[in-house]
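Student: Quick one: structure below, then a few questions.
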Amino acid sequence: MKRILFIRHGKTQWNLEKKLQGRRDIPLCEDGIRHLKKCAIPNEFKDYAWSVSPLGRTRETAQLLGARLIRQEPALIEMDWGKWEGRTISELRQLYGSDMAEIEARGCHMTPPGGESPAMVVARLKPWLKNLEGDTIAVTHKGVIRAAQSLAYDWDMTEELPVEFNWSAGHLFTLEETGVIRPERININLESK
């Protein structure tokens with residue numbers, strides 16, 4: 001049995017502005033850097049390997065958390081928001097009107113124009129999880145962690161997840177050899193200083 005500790009990257013300006021942030025390589029903002037400088041990985045995870053998304057905000061987060069050897073993993077890149085990237089949910093609801101509720105009700109199968117659905121993120125994440133070589137810290141994005149949630153909780157994203165995730169915390173999952181992922185400990189505090 002292997003373990004994977006998922007950590008979302010630190011805050012960016014777009015996070016503060018509530019903009020959908022997909023593949024655009026937006027750097028960490030001052031608030032995000034300041035917060036990460038108060039954080040550390042708990043000792044029990046010190047021997048885990050580090051993997052990050054190809055986007056700079058995940059690498060910078062890993063480095064601020066003390067990572068030295070970092071493997072870049074394409075499967076960990078954020079969901080592609082297509083034409084919705086850079087917009088807020090409020091803007092989209094105004095743009096699409098009552099149709100947006102129907103679009104959002106598709107859950108895992110909601111696909112932004114020119115982008116990918118959460119189900120597509122799940123599909124690219126599964127082979128990586130199945131082939132993971134050992135215990136790993138994955139610094140990634142909310143969309144990718146939500147894909148892991150979808151797998152671990154058999155959640156289709158049409159209703160609220162029964163567990164609330166703190167996006168500034170770590171989330172530990174176990175992986176069976178078959179690739180099945182299960183939650184072990186959620187909301188592991190990373191603040192230490």
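Student: With a ≥ b ≥ c the root eigenvalues of the C-alpha gyration tensor of the range 26-121, is it rounded (a/c under 1.5), prolate (a/b larger than b/c) or oblate?
Tutor: Prolate shape, in that a/c is at least 1.5 and a/b is the bigger ratio.
Student: Moving on to the next point. Expressed as a whole number of Å, what is the distance separating the alpha-carbon centroids of the range 80-150 and the range 45-62?
Tutor: 20 Å
Student: Residue by residue through the range 14-20, what is 3J(HN,Hα) from phi via Karplus (6.51 cos²θ - 1.76 cosθ + 1.60, θ = phi - 60°)? Round to whole Hz and write x for glycine and proline.
Tutor: Whole-Hz 3J(HN,Hα) from phi for the range 14-20: 5, 4, 5, 8, 6, 8, 5.
Student: Can you put Ser168, Ser90, Ser51 in order, fewest other beta carbons within 10 Å first?
Tutor: Details: Ser168 17, Ser90 9, Ser51 22.
So the ranking, lowest neighbour count to highest, is Ser90, Ser168, Ser51.
Student: Could you work out which residue, out of Leu65, Leu95, Leu175, moves most in a Gaussian network model of the chain, that is, has the largest mean-square fluctuation with Cα springs under 10 Å?
Tutor: Most flexible of the set in this elastic network: Leu95.
Student: I want the local charge near Lys2. Using Cβ-Cβ distances under 13 Å, sum +1 for each Lys or Arg and -1 for each Asp or Glu among the other residues.
Tutor: -3
Student: Tally the DSSP beta bridges in the range 2-188 and give the antiparallel ones as a percent, rounded to 5.
Tutor: Percent antiparallel among DSSP bridges in the range 2-188 is about 50.
Student: Among Lys142, Lys37, Lys11, which one moves the most in a GNM of the chain with springs linking Cα atoms closer than 10 Å?
Tutor: Checking each option, the largest mean-square fluctuation is seen for Lys37.
Student: Along the Cα→Cβ direction, 7 angstrom out, place labels at Leu69 and Arg124. What is the inter-label distance in nm?
Tutor: Result for the modelled spin labels: 2.6 nm.
Student: Rounded, prolate or oblate: which one fits the chain, using the alpha carbon gyration tensor with axes a ≥ b ≥ c (rounded when a/c is under 1.5, else prolate when a/b beats b/c, else oblate)?
Tutor: oblate
Taken together, the values in this text are just the output of simple stated rules run on the coordinates, not laboratory data. Keep in mind that what you see is a predicted model, and the values were worked out from it rather than measured. Glycine also receives a Cβ, built like all others from the backbone with ideal geometry; neighbour counts cover every protein chain displayed.
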